[in-house]
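Inspection log for the structure reproduced underneath, given as structure tokens.
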Amino acid sequence: MFQALAKASAALGPRAAGWVRTMASHQLLVAPPKALLKPLSIPTRLLLGPGPSSLPPRTMAAGGLQMIGHMHREMYQIMDEIKEGIQYVFQTRNPLTLAISGSGHCALEAALINVLEPGDSFLVGVNGIWGQRAADIGERLGARVHPMTKDPGSHYTLQEVEEGLAQHKPVLLFLTHGESSSGVLQPLDGFGELCHRYKCLLLVDSVASLGGTPLYMDQQGIDILYSGSQKVLNAPPGTSLLSFNDTAKNKIYSRKTKPPSFYLDIKCLANFWGCDGQPRMYHHTTPVISLYSLREGLALLAEQGLENSWRQHREAAAYLHGRLQALGLRLFVKDPVLRLPTVTTVAVPAGYDWRDIVSYLIDRFSIEITGGLGPSTGKVLRIGLMGCNATRKNVDLVTEALREALQHCPKKKL
């Protein structure tokens, strides 16, 4: 090609020749990275941590499909199917239901950026890292943040929340349904009704719980609900699910100030996702391939059925709990009713360094489990059974690996 350009420039004269020279007028300072000249190599691992989870063949196949345009009519059809899938797994009829081009963190930011304005009172249940993150974002937005802080492993009662509502008169309450850093399942019945008596919206994080335990957005009075793609849905990380009811939508559409993010402006996203009945306008380039995979993750859960999925996770978790206790390990969440089926937390056994146990499993068995996160760091081991990973076979694999780890990892004398 360059020879052809050179011949053309000679024919066109000195001026054109100058154009050709300026195309490569500087020497390259950075050589091609040697690592990128080798084939990509990915280890085979069983992901039994708190997420992401392993991908089933159908979802992996979707990730290998050819690209189409993000505004093609076929892509809009896929987006519409994703919306219907979210409405099913959330159990909601909210028209303002869509996927976010970003992880669950991004959905949390989208909810808070659009609902909170400077000076708004924001009540946050902080019993793990996700409440900490919500409070942090609220502070950055200029809200008056009121954390209800509890130790990891704790949950909130209706009485505790009502005291906070009466004292702080918030416009928004944040609760985590499945606190994956501590393994707590927060009860939700009655909280929506309670919030509405105090003219407060209820925002719920269901990233770790969705599909693994019962959740009913409309019937439980949840105003804003979000989740992620990489847990029970067994899709790649990077997309998230978000829904607003009409009350939350009215709060957003009656703002006195613009949301501080264009990328996460729900009015724009609602139009792009076909939620407002208006012709769709370009907002941003969506992660097309990731949306294929999200669509398939939702389809697999729809085919299985929510109630069957809830049963699968409940039974797998119960089997795991029994196997762990047979090893002499102590479950971190004492009350069985409050244990999150998708992520089980185990108190780090006395005398052991949790890092040694985690490393032993990944190095010897290619099985991932993790330690704690945020306020649970150093206190727990976390084992995830999500979607296609929630099987008795996987429970047997991870508990036998743990048995060997406890035999071989160094243990300090107490």
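The values are calculated or read from the model by the stated rules, or taken from the named source; none is laboratory data. Everything numeric in this text was worked out from a predicted model, so none of it was measured. Cβ placement follows ideal geometry from the backbone for every residue including glycine, while neighbour counts extend to all protein chains displayed. When the accessible area is computed, the model is the full protein with side chains, heavy atoms only, and any ligands, DNA or RNA have been set aside. Shrake-Rupley method; radii C 1.70, N 1.55, O 1.52, S 1.80 Å.
How many of the residues in the range 378-395 are in contact with a Phe, Trp or Tyr (Cβ under 9 Å, 6 or more places away or on another chain) and open to solvent by 20 Å² or more (accessible area, probe 1.4 Å)?
The number of residues fulfilling the criteria is 3.
Sort through L225, L175 and tell me the only one that's buried (at least 24 other Cβ atoms within 10 Å of the Cβ) and within 26 Å of C268 (Cα to Cα).
None of the other options fit; the residue is L225.
Here is a list: G190, G131, G178, G119. Which entry is in the same structural domain as T247 (by the TED database), of a type outside the set (S, T, Y), free of Cβ contacts under 8 Å to residues at least 60 places away in the same chain and on the phi < 0 side of the Ramachandran plot?
G131
Can you tell me how many residues within the range 103-121 are part of a loop (DSSP other than H, G, I, E, B) and either open to solvent by less than 10 Å² (accessible area, probe 1.4 Å) or in contact with an Asp or Glu (Cβ under 6 Å, 6 or more places away or on another chain) (or both)?
Step one: of the range 103-121, the residues part of a loop (DSSP other than H, G, I, E, B) are 103, 116-120.
Subsequent filtering for residues that are either open to solvent by less than 10 Å² (accessible area, probe 1.4 Å) or in contact with an Asp or Glu (Cβ under 6 Å, 6 or more places away or on another chain) (or both) retains 116.
Qualifying residue count, the range 103-121: 1.
Output the residues belonging to the range 348-358 that are open to solvent by 50 Å² or more (accessible area, probe 1.4 Å) and in a helix (DSSP H, G or I).
Residues of the range 348-358 that are open to solvent by 50 Å² or more (accessible area, probe 1.4 Å), as a first pass: 350, 353-356.
Within the range 348-358, W354, R355, D356 qualify.
List every residue pair whose Cβ atoms sit under 6 Å apart, with the two residues 6 or more apart in sequence or on different chains, where the first one lies in the range 137-161 and is without any contact (Cβ under 8 Å) to a residue 40 or more places away in the chain and the second, anywhere, is part of a loop (DSSP other than H, G, I, E, B) and of a type outside the set (A, V, I, L, M, F, W, C).
From the range 137-161, the pairs are G142/P118; A143/D120; K150/N127; S154/N127; L158/G190.
Between residues in the range 314-337 that are over 17 Å from S182 (Cα atoms) and residues that are basic (K, R) and assigned to a helix (DSSP H, G or I), which pairs lie under 6 Å by C-beta distance while being six or more apart or on different chains?
If the second residue must be basic (K, R) and assigned to a helix (DSSP H, G or I), the pairs left are Y319/R392; L327/R403.
Can you tell me which residues in the range 146-172 are surrounded by 15 or more Cβ atoms within 10 Å (Cβ to Cβ) and either more than 23 Å from the chain's Cα centre (by Cα) or not in a loop (DSSP other than H, G, I, E, B) (or both)?
Listed by number, the residues that qualify are H146, P147, M148, V161, E162, G164, L165, H168, P170, V171, L172.
Please determine whether any residue of the range 50-57 is open to solvent by 70 Å² or more (accessible area, probe 1.4 Å), at pLDDT 85 or above, of a type in the set (G, A, S) and not assigned by the TED database to the domain that holds R364.
no
With K256, K267, K249 as the choices, which residue is outside any loop (DSSP other than H, G, I, E, B), out of contact with any Leu (no Cβ under 7 Å at 6 or more places or on another chain) and touching a residue at least 12 places away in the same chain (Cβ under 8 Å)?
Just a single option satisfies the conditions, and that option is K267.
Do you know which of the residues in the range 193-222 that are on the phi < 0 side of the Ramachandran plot and of a type in the set (D, E, K, R) is farthest from the chain's Cα centre (by Cα)?
It comes out as R197.
With the requirement that a residue be touching a helix residue (DSSP H, G or I) at 6+ places or on another chain (Cβ under 7 Å) and farther than 10 Å from H313 by Cα, what does the range 382-401 give you?
Those that are touching a helix residue (DSSP H, G or I) at 6+ places or on another chain (Cβ under 7 Å) and farther than 10 Å from H313 by Cα: I383, R392, V395, T399, A401.
Restricting to the range 282-313, give me the number of residues that are open to solvent by less than 20 Å² (accessible area, probe 1.4 Å) and outside any helix (DSSP H, G or I).
Here the count works out to 4.
Suppose the filter is charged (D, E, K, R) and surrounded by 17 or more Cβ atoms within 10 Å (Cβ to Cβ); does E84 pass it?
no
If I filter the range 208-219 for residues that are within 20 Å of G138 (Cβ to Cβ) and in contact with a Gly (Cβ under 8 Å, 6 or more places away or on another chain), do I get at least one hit?
No, every residue in the range 208-219 fails to be within 20 Å of G138 (Cβ to Cβ) and in contact with a Gly (Cβ under 8 Å, 6 or more places away or on another chain).
Considering each residue of the range 178-191, count those that are surrounded by fewer than 22 Cβ atoms within 10 Å (Cβ to Cβ) and of a type in the set (G, A, S), and give that number.
Number satisfying all stated conditions: 1.
Identify, please: which residue in the range 359-377 is polar (S, T, N, Q) and under 24 Å from the mean Cα position of the chain (by Cα) and is, among those, surrounded by the most Cβ atoms within 10 Å (Cβ to Cβ)?
S376
For the structure I just gave you, tell me whether Q66 is at pLDDT 95 or above, in a helix (DSSP H, G or I) and surrounded by fewer than 21 Cβ atoms within 10 Å (Cβ to Cβ).
no
Mind counting the residues in the range 115-127 that are over 11 Å from L175 (Cβ atoms) and not polar (S, T, N, Q)?
Result for the range 115-127: 7.
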